[in-house]
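One structure is given here, and the rest of the page talks about it.
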Amino acid sequence: MDFLTARPKNVFARVGMSHVTNRLGDPYISRMANMSGIHINTASQPNANPHFGTLTTLMCNAAIAAELGDQFGKPVRITFDMLENAPDRRIQGIMRRQVEGEDIEFQMSLADSRLDDGTPLVEYNMRTFRSLFGFFQEKTGIATEVRSYQECQADTSFKRSLLTIFNQLDVFGPIIAPTDGVIRLRYPCPVCKWVDKGSIHTRIISQTHDEIVFEAFCPDHGHHRATLAIGSEDFFDTNTPLRAIAKMPGLIEAGKHDNVMPLVISGRDWSGRWDKCVHVTGVTRLGYPAWELPAYIYTPTVMDMLGAKLSKSLYVGNLYDHMPRGFMDLDDFMAVYDTDGLEKLWDHIREWARDPAYMDRDGYTILYFALLLAGELEKAEIMG
């Protein structure tokens, strides 16, 4: 048998929680006993048309919501955190300038970048996300609420978390930035909206328990300041680890207020060491015991032919020209597989949510999905 051309057998072993659960919601049976419902939170950077990996992750969110609603017979909400603070990765969204002899990279956010006709880049990219949310609602009856990062960072609990973190840098620095201990908080120039990506020239001017004043530098408009305080309307951009920790108290407190279980759904690449070293450690350091943390489900990773994660940054950088047609982004998928393909993909992922053996897998390759969509994927044989 030629290894490079052989058709693989669809057989795999159970892993992790699928050894001790029959349904996806089984780990939450006791927690859900006195709860009124579930609030699912997920997030993504809408810096392009959703690529195939993002498509499957968003489908998993909707399928999990439907499955948990069926299992517990209680209402489920989905909130999608739109990360419009993410950088515009197009060439016009990046600027390098010399500042005090250093080569500094400045970036423009998706919210502040505009197309030639003046349309905010984030709104242009969100069109396809919203079309998917509509498709999922038709299938599940569950609407997806979109929350902007602007709204997220303005929340009182988010600002309170940031104040705690920056008043305890000796505690949170090694958690959020293990290599150098530098926690990066950014805010754009109020005139041109360019922001120092690495916070190289951002510093604290004054600091109390309740208020911290930061100063940053714009090469065209000089120094500018922003105040972090409860009640301040100044905008702050946070990177992934800082945001992941700072937004959790809001989900926890809202869950207590509404008597619902907060559930965060992320891709499998955010599990493992990240979850333990950054997320769990960071949120417990904010004062929340482990049993109050949101429940977490990690969805399978979509991998290329060699087993590497299908990457959004590589997709945006046009480095996937070797990929088969249909697996680049949603437009490419629809051009090849049309609505029938979207329906087939949904039906398959809905089955994943019914059996933890599928949802708990680390990932699936592009070959797996190509066989599925061609109608050539044999029924799986699950071992163990």
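Of all residue pairs spaced 6 or more apart or on separate chains, those with beta-carbon atoms under 6 Å, a first member in region 120-132 that is in contact (Cβ under 8 Å) with a residue 12 or more places away in the chain and a second member that is part of a helix (DSSP H, G or I) and surrounded by 19 or more Cβ atoms within 10 Å (Cβ to Cβ) are THR128/LEU330; LEU132/LEU58. For ASN41, the stated conditions hold: it is under 21 Å from the mean Cα position of the chain (by Cα), surrounded by 14 or more Cβ atoms within 10 Å (Cβ to Cβ) and not in a loop (DSSP other than H, G, I, E, B). For region 271-288, filtered to residues that are surrounded by 19 or more Cβ atoms within 10 Å (Cβ to Cβ) and hydrophobic (A, V, I, L, M, F, W, C), the residue that is nearest to VAL302 (Cα to Cα) is VAL278.
Within the set PHE129, PHE158, the sole residue that is crowded, with 18+ Cβ neighbours inside 10 Å, under 20 Å from ASP329 (Cα atoms) and in contact with a strand residue (DSSP E or B) (Cβ under 9 Å, 6 or more places away or on another chain) turns out to be PHE129.
Within the set LEU345, LEU367, the sole residue that is among the hydrophobic types (A, V, I, L, M, F, W, C), closer than 23 Å to LEU306 by Cβ and either at pLDDT 95 or above or in contact with a strand residue (DSSP E or B) (Cβ under 8 Å, 6 or more places away or on another chain) (or both) turns out to be LEU345.
Per the listing TYR149, TYR187, the residue uniquely modelled with pLDDT under 95 and either buried (at least 18 other Cβ atoms within 10 Å of the Cβ) or touching a Lys or Arg at 6+ places or on another chain (Cβ under 9 Å) (or both) is TYR187.
Scanning region 188-207 for residues that are within 18 Å of ASP112 (Cβ to Cβ), in a strand (DSSP E or B) and of a type in the set (A, V, I, L, M, F, W, C) yields one hit, VAL195. Screening ALA86, ALA63 for residues that are touching a residue at least 24 places away in the same chain (Cβ under 8 Å), surrounded by 18 or more Cβ atoms within 10 Å (Cβ to Cβ) and out of contact with any strand residue (DSSP E or B) (no Cβ under 8 Å at 6 or more places or on another chain) leaves exactly one candidate, ALA63. Reported count of residues in region 341-384, each being out of contact with any helix residue (DSSP H, G or I) (no Cβ under 8 Å at 6 or more places or on another chain), surrounded by 15 or more Cβ atoms within 10 Å (Cβ to Cβ) and farther than 16 Å from VAL11 by Cα, is 1. Considering region 88-123, the residues that are among the small types (Gly, Ala, Ser) and outside any loop (DSSP other than H, G, I, E, B) include one that is modelled with the lowest pLDDT, namely GLY93.
Taking region 138-159 as the range and being assigned to a helix (DSSP H, G or I), touching a residue at least 40 places away in the same chain (Cβ under 8 Å) and over 20 Å from THR240 (Cβ atoms) as the test, the residues that pass are LYS139, THR140, THR156. Scoring VAL260 on the criteria (1) crowded, with 16+ Cβ neighbours inside 10 Å; (2) closer than 22 Å to GLN107 by Cα leaves a single failure, condition (2). From the list ASN61, ASN85, ASN49, ASN41, the one residue that fits, being closer than 24 Å to PRO324 by Cβ and touching a Ser or Thr at 6+ places or on another chain (Cβ under 8 Å), is ASN49. Give the residues of region 74-87 that are in a strand (DSSP E or B) and more than 12 Å from the chain's Cα centre (by Cα), sorted by residue number. The answer is VAL76, ARG77, ILE78, PRO87.
The values are calculated or read from the model by the stated rules, or taken from the named source; none is laboratory data. Predicted model only: the values in this text are computed from it and were never measured. With ideal geometry, Cβ positions are generated from the backbone for all residues, glycine too; neighbour counts draw on all protein chains shown.
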